[in-house]
Each structure stands twice: as C-alpha cells, then as structure tokens.
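The values are calculated or read from the model by the stated rules, or taken from the named source; none is laboratory data. Keep in mind the model is a prediction, meaning the values are calculated, not measured. For neighbour counting, all protein chains shown are included, and Cβ atoms are generated from backbone atoms with ideal geometry for every residue, glycine included. Note: areas computed on protein heavy atoms with side chains; ligands, DNA, RNA excluded. Shrake-Rupley method; radii C 1.70, N 1.55, O 1.52, S 1.80 Å.
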Amino acid sequence: MEKLLERPIFFNRNRVWRVYKGGQLLGEMLGEAEKDGNYPEEWIASDVKAENPQNNLENEGLSIVEGTNITLRELIAAYPGQVLGQRKNLGILVKYLDSAVRLPLQAHPDKAFSRRYFNSEYGKTEMWIVLKTRKDASICFGFQKELTEKEFSELIERSETEENIMEGYLNRVPVKPGDVFLIPAKSVHAIGAGCCILEIQEPTDFTIQPEYWCAGHRLSSQEMYMNLDKEEAIKCFDFSVFGEGCVEKARKIPVMEKETADWRKEVLVGEKDTECFRVNRYTVHESMVLPEGPGIYIIMGNGYVKGTGYERKVAEGDYFLMPYSAAGKYRIEASEGNDMEVFECLPPKG
C-alpha cells in the first residue's frame, strides 16, 4: 500500500448518475464508445460521496485506486500525512461533465448556508473550463433582471406546467472550447446543452435546483430542495446576481505567470479570485516537473509521466492525484513534436 504513495496515483473510471442526460463527448474524449445517458459525469480523484439517495449505492462518487478495491477516502484515512501533508482534508472536487440537455436552474450554498443546513464546513463555489462543445453550446449565468424572492417562488410553481419558463429569466451565454468561468456560491446558473466541461469546486454535492422538469424528467422534492422546505431552500439564491454585467464578472481571462523554453504556466483561477481552490494551465513543449502535492492533474494531449524508475504513458483525458509525499519527484514529458496541456487543480492554501 505505501508504495502507492511514492508515485502519482491513478484511478478506475468513476461515472456518477445525474438527473440530466449526456456523456457522448466525454466518452469520445476518453476513447470509449458511449452514447448519451444518465451517467454524464466522471468524478476525478474524488473523496466525496454523491448525493443520489434514489440509487442507494454505498460508495457512489468515491474514486477507487487503480488495481485495488481501495477508495481514495480510505487511502487518505490510512496515510493522511503522505497524501495530504499538513492538510486536514483534500479540500477540492474535480469532475468532467458533458451535457446533452440544459441542466436545471440551480444554485449552490456558501459556507454559512452549508454550516446551517448541511452540517458541512464547505459550500460549493465552482469553476468551469469548457473543453469541447456541440452545436449552439451555451451556459446560463445570472438572472436577466432583478427578481424578488416572492417573484422567483411564483416562477418555480409556474415551471410545473410551463417546463422551460426559467430560460426566459436567465442570461444565456454562448461558449467555445477554452472559455473559463468562476461561479460563486449562491449564484443562479445552469450548464446548457452541448457543453463538455472540466469543473473544479469545493468538495460537496449540494445543489438546490428548483425547477420541476429537466428535459422530460420530473424532479422530486428531494432533487429540487435537498429535503429542505422550499422557503428555506431558495434563500440559497443571491438575487443581486443579475444583468449582463454579472456574466463578464464570472468570465475569467487566463493570466500568464511564467514561461520557459520547455513550458508556459497560466493562472486560470488564483487566490485573488477565490479562497476555495487554485487552478493553473501548463502548456508543455518538452517537459516540466510536477511541483505541488496534493494536487490533481488533468492531461490534454499525449505524453509520459516520468520519475526515477517510473514511466507511464498518458493520453487525452487521463488524470491522477499527486500525493504530498511524491510532489517534485515526477515530470510530464510531451510526445515528440507535440505540445500538451496539463490542468493543475489545487486545494486552497493553508
């Protein structure tokens, strides 16, 4: 077991059931023959359990270490110092999502709301990196105009018989590969049809999605409100997030931090943007050392992970966790003649 902690940790595939359909673009990216269905998400190096009570699967959402039956949660519990260093927990959740339909309008709690209603120290601020798109791909962010809580509550009830009424009250934003958005907790949003996204977020699965329908699927009260009363649940929404200006506040422009002959580093979301996580993008021409641990690394391209006595080929969509005990001892090498992208997803400092 301890040998696992001396090198990058890879995992079995980890698909999670959702109310919405998708997954075809994700399957294509990962080299799998897959059609759209109700497993449109891949949870990456996850120690978070999915909130899917209707499935009643004990470990749904928890990543299993490749070649074992050990979950990442169990590995951390057994070897916290080697995996996390001085951290108390991993503090981050990373996912692939591929939507064939628009997801329900939703918001996620901030830390205070989670502490009060879900007994958790984490909310769910998140960010999206658009990887691939289908025709007319879009997201929704912010209300088009200011709404009161009472007006929003009335719209929710109208959505039972007017299935797509909410679309007329949200800012629709066309997207393309490479776009980056930061979605603060309590902001109204929805991933639209046709988006294959890398999502980095606080480590919870808390979602308030008060629409009655998702592309023909009738949401239950639990799916809409997470067993809260409606009046309590919609206090999760920040009604000050409205108008066209809020969209540009959510859009993040990569900032180039350092460039060498071998690689370039861009900050996508940093400490100035949020206290919840840090995300960087490396463009690797030749090779680069993987500097931080714990950190989750996402590969877009073809190349190798190498260290003393270790070499593993990696391809588009592959991912791994770099434990604290192995940070700085391994490097990424791009295949000859081809650049590769590496997304570095890091927990908050401290």
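With no solvent and one equal point scatterer placed on each C-alpha of the chain, evaluate the Debye formula and give log10 I(q)/I(0) for q = 0.06, 0.16 Å⁻¹, two decimals.
So the normalised log intensities work out to -0.21, -1.53.
Leaving out ligands and nucleic acids, note down the accessible area per residue over region 293-350 with a 1.4 angstrom probe, in whole Å². Walk me through the numbers on the way to the answer.
Values: 2380 Å² over 58 residues.
With all protein chains present, region 293-350 gives 41 Å² per residue.
Could you tell me the largest-minus-smallest coordinate of the C-alpha atoms of region 42-106 on each of the three principal axes, in descending order and whole angstroms?
The Cα atoms of region 42-106 stretch 41, 23, 21 Å along the principal axes, largest first.
Give the ranking of 235, 329, 186 by solvent-accessible surface, highest area first, calculated with a 1.4 Å probe.
Putting 235, 329, 186 in descending order of accessible area: 329, 235, 186.
Mind telling me which of 203, 53, 294 comes out most flexible in a GNM of the chain, alpha-carbon contacts under 10 Å?
Maximum among the listed residues: 53.
Could you state the accessible area per residue of region 79-144 in Å², with a 1.4 Å probe and every protein chain left in place?
Averaged over the residues of region 79-144, the accessible area is 37 Å².
What is the dipole size for region 3-149, taken about its Cα centre, with +1 at each Lys and Arg Cβ and -1 at each Asp and Glu Cβ, in debye to the nearest 20?
My answer is approximately 200 debye.
As I understand it, the dipole of the chain uses +1 on the Cβ of Lys and Arg and -1 on the Cβ of Asp and Glu, about the Cα centre. Which of 173, 183, 243 lies farthest toward its positive end?
183
What value does region 209-350 have for Rg/Rh, both radii from Cα atoms and Rh as Kirkwood defines it?
Reported Rg/Rh, Kirkwood definition of Rh: 1.12.
Loop only per DSSP, at most 16 neighbouring Cβ atoms within 10 Å: give me the trypsin sites (Lys or Arg not before Pro) in region 108-182, ordered by residue number.
Sparse-neighbourhood loop trypsin sites (Lys or Arg not before Pro): 134, 135, 145.
In what sequence, highest mean first, do 239-246, 14-21 appear when ranked by Cβ atoms within 10 angstrom?
Highest-to-lowest ranking by the protection proxy: 14-21, 239-246.
Ignoring ligands, DNA and RNA, what percent of the accessible area of the chain is carbon or sulfur (1.4 Å)?
About 46 percent, which is the carbon plus sulfur part of the accessible surface.
So the label point goes 7 Å from the Cα of residue 302 along Cα→C-beta, right? Which residues of region 30-69 then have their backbone N under 14 Å from it?
Within reach of a label on residue 302: 31.
R0 = 51 Å: FRET efficiency of residue 275 with residue 161, Cβ-based, nearest 0.05? Intermediate values should be presented prior to the final figure.
Values: r = 42 Å, r/R0 = 0.81.
Step by step, r from the Cβ atoms, then E = 0.75.
What's the tally of Lys pairs in region 178-296 whose alpha-carbon atoms lie under 30 angstrom apart, where the two lysines are 8 or more places apart or on different chains?
Number of lysine pairs found: 15.
Within 10 Å of each candidate Cβ there may be at most 14 other Cβ atoms; applying that plus a DSSP loop requirement, which GluC sites (Glu not before Pro) in region 1-98 survive?
Filter output for region 1-98: 32, 58, 66.
Less than 26 Å apart at the alpha-carbon level, and either on another chain or at least 8 residues along: which lysines does that give for residue 35?
Within the straight-line limit of under 26 Å, residue 35 reaches these lysines: 21, 49, 95, 132, 135, 176.
Check the straight Cα-Cα distances from residue 150 and name the aspartates and glutamates below 17 Å, setting aside those fewer than 8 residues away within the same chain.
Candidates past the 8-residue exclusion: 160, 211, 229, 231, 232, 238.
Nearest 20 debye, what's the magnitude of the dipole of the chain about its Cα centre given +1 on Lys and Arg Cβ and -1 on Asp and Glu Cβ? Before the final figure, lay out each step's value.
On the way: 44 positive and 57 negative charges, 115 e Å.
That gives the chain a dipole magnitude of about 560 debye.
Could you give the semi-axes, largest first, of the ellipsoid that matches region 249-316, computed as the square roots of 5 times the alpha carbon gyration tensor eigenvalues and rounded to whole Å?
25, 14, 11
Would you look at the GNM of the chain, springs on alpha carbons closer than 10 Å, and say which of 33, 215, 185 moves the most?
Maximum fluctuation in the GNM of the chain, among the listed residues, is at 33.
At a Förster distance of 35 Å, what's the computed FRET efficiency of residue 220 paired with residue 32, Cβ-Cβ distance as r, to 0.05?
0.70
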